[in-house]
Amino acid sequence: MTRYVLIGMGVAAISALESIRSVDDQGEILVISDDPYGYYSRPGLAYYLTGELEEQLLFPYQKEDFLRLRARFIRGQVVKVYPEEKQAALEDGTFIRYDKLLIATGAQAVPLRIPGADLHGVHKLDHLTDARAMLGNARRGGTAIVTGGGITAVEIAEGLAARGMKVHYVMRSHRYWPSVLDEAESEIVESLLARENIQIYRKSELAEIVGRNGRVAGARLADGRTLRAELIAFAIGVTPRIALAQQIGLRCERGILVNECMETSLADIYAAGDVAQVIDPASGKHLLDSLWGPALEQGRTAGLNMAGRKTPYQKPAALNITRLAGLTVTIIGAVSLPSTPSDLKGEQDLLSIARGDSETWRQLPDCIIAQSGFDVNRLRLVIGEKHILGAVVMGDQKLSASLQKIIHRKVEITSIREHLLAPHAPLADVLVQFVHRTQIS
């Protein structure tokens, strides 16, 4: 009987667990995690902050779901792995034997390294514990400072504003998320944040957090200005948790390098999720995703391979459907534009990949940009010679599902390419007719 040991309790680990059990009905499965809350929806934390989602709804699995999978859960932290002996050592001194091992340890927030960052009232948003602590300090009528780039910083700012706090949003760049959004898209997000009474400080950064009696009292900006606040939150990127992998001797760059079967450089050890650095077939590079969809699919693939069903991971076009400043935004495939010097400076807002982000979006293909709509409904396409390589859909999402299929399946669009690239082209109309004509479903 094969013994499978899964390290982690995120969507990658749970997906691997389901896949293993779908192939191997008799094997023993152990899941080890130091998260006190087990498996819950990390993307849902943003809606938990705003009060739109009650805490119990963060948990997609009930007790009977785990019983059905017949897995044993162990609360603890793996501190060392001995590949030759095929044993994992826990912090409490327990040794656990394995036949197949999965590392799905996820990613953690890049710490804020400025004076005062250790004061009470400084928060990140990695786990449910962080969200609870942040809400415990969120006082209606109080003031908060949020710093960072990407999706999580805006989610925190919106969540605190929804709780009745005055929010100062400090960004180093001259605009929001310049590595992924263009100027018009950044402007849309910023204008909507302003409507929520979130004050934006561009080309600025926190130099020091000021405290009183061990608690946050405010912050000093690099230009010398001082802002009062009782709560400070940061989201300056995430970094894969690779310390255990490095200790084992696995090949790592920023994440754990894996092949198409999610195998690491050592036999019978696999990796999946935010910690895994997978091969992007379009560029041939190992890239990081910090997205729920790829984590689920990587976990599924790893589980099948661990159970003996050889299955390659087909990296799809990176996709995230999120909400920025109350606006639904879908980002698919390669959407980046050649960076200007000011945009590159703005990348310092994120010291690593952001949660809910993909390095695929930053690939710079040989392409032409087509765009339409400059209000809250906006569509931008990145068009190659024969295919649509990426898209940003803001607001109206009628075309989102079709674009996902067109980009993922690499549907040839040469018959409409000139129409898409025509000045002031009605992109949505052209695409709708193309979808109907080609019967994409």
| query | For GLU185, which of the numbered conditions (1) in a strand (DSSP E or B); (2) open to solvent by less than 50 Å² (accessible area, probe 1.4 Å) fails to hold? | reply | (1)
| query | Any idea which residue in the stretch 142-162 is modelled with the lowest pLDDT, counting only those that are within 14 Å of GLY326 (Cα to Cα) and open to solvent by less than 10 Å² (accessible area, probe 1.4 Å)? | reply | ILE151
| request: May I ask you to verify whether LEU135 is assigned to a helix (DSSP H, G or I), under 25 Å from the mean Cα position of the chain (by Cα) and farther than 20 Å from GLU208 by Cα? | output: yes
| request: Tell me, yes or no, whether the stretch 93-101 has at least one residue that is modelled with pLDDT under 95, loosely packed, with under 13 Cβ neighbours inside 10 Å and farther than 25 Å from GLU263 by Cβ. | output: no
| query | Say we look at the stretch 25-51 and pick out the residues that are without any contact (Cβ under 8 Å) to a residue 40 or more places away in the chain and open to solvent by 50 Å² or more (accessible area, probe 1.4 Å); which of these is farthest from ASP92 (Cα to Cα)? | reply | TYR47
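Conditions (1) aliphatic (A, V, I, L, M); (2) in contact (Cβ under 8 Å) with a residue 40 or more places away in the chain, marked per residue:
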site	(1), (2)
THR152	no, yes
TYR169	no, no
SER173	no, yes
VAL180	yes, yes
GLU183	no, no
GLU187	no, no
LEU193	yes, yes
GLU205	no, yes
| message | Against the conditions (1) modelled with pLDDT under 95; (2) closer than 30 Å to LEU221 by Cβ; (3) in a loop (DSSP other than H, G, I, E, B), where does LEU112 fall short? Just the number, please. | response | (1)
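One line per residue, one yes/no per condition, for (1) over 26 Å from THR328 (Cβ atoms); (2) not charged (D, E, K, R):
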{"site": "ILE96", "(1), (2)": "yes, yes"}
{"site": "ARG132", "(1), (2)": "yes, no"}
{"site": "GLY142", "(1), (2)": "yes, yes"}
{"site": "GLY149", "(1), (2)": "no, yes"}
{"site": "VAL170", "(1), (2)": "no, yes"}
{"site": "ALA194", "(1), (2)": "no, yes"}
| Lone unmet requirement of (1) in contact (Cβ under 8 Å) with a residue 24 or more places away in the chain; (2) open to solvent by less than 20 Å² (accessible area, probe 1.4 Å); (3) farther than 30 Å from GLN56 by Cβ; (4) not charged (D, E, K, R) for PRO115 | (2)
| message | Yes or no: the stretch 428-440 includes at least one residue that is modelled with pLDDT of 90 or more, within 27 Å of the chain's Cα centre (by Cα) and surrounded by 16 or more Cβ atoms within 10 Å (Cβ to Cβ). | response | no
| field | Scan of the stretch 415-427 for residues that are within 13 Å of GLU385 (Cα to Cα) and open to solvent by 70 Å² or more (accessible area, probe 1.4 Å), ordered by number | value | SER415, GLU418
| message | Residue pairs, Cβ under 7 Å, 6 or more apart or interchain, first in the stretch 88-100 and over 17 Å from ALA16 (Cβ atoms), second of a type outside the set (A, V, I, L, M, F, W, C) and assigned to a loop (DSSP other than H, G, I, E, B). List them. | response | LEU90/GLY76; LEU90/GLN77; GLU91/GLY76; GLU91/GLN77; ASP92/GLY76; ARG97/LYS86
| query | Given the conditions (1) open to solvent by less than 40 Å² (accessible area, probe 1.4 Å); (2) not in a strand (DSSP E or B), which single one is not true for LYS203? | reply | (1)
| said: I'd like the full set of residues that are within 30 Å of ALA153 (Cβ to Cβ), touching a Lys or Arg at 6+ places or on another chain (Cβ under 8 Å) and not charged (D, E, K, R), limited to the stretch 28-80. | reply: SER33, PRO36, ALA46, LEU49, THR50, GLY51
| field | Residues (charged (D, E, K, R), open to solvent by 40 Å² or more (accessible area, probe 1.4 Å) and in a loop (DSSP other than H, G, I, E, B)) located in the stretch 118-132 | value | ASP118, LYS124
| query | Here is a list of conditions, (1) over 29 Å from LEU221 (Cα atoms); (2) open to solvent by 40 Å² or more (accessible area, probe 1.4 Å); (3) touching a Ser or Thr at 6+ places or on another chain (Cβ under 8 Å), and GLY76 meets all of them except one; can you say which number that is? | reply | (2)
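The values are calculated or read from the model by the stated rules, or taken from the named source; none is laboratory data. Please read all numbers here as calculations on a predicted model, not as lab measurements. Ideal geometry is used to build each Cβ from the backbone, glycine not excepted, and the neighbour counts take in all protein chains shown. For accessibility, only protein heavy atoms count, side chains too; no ligands or nucleic acids. Shrake-Rupley method; radii C 1.70, N 1.55, O 1.52, S 1.80 Å.
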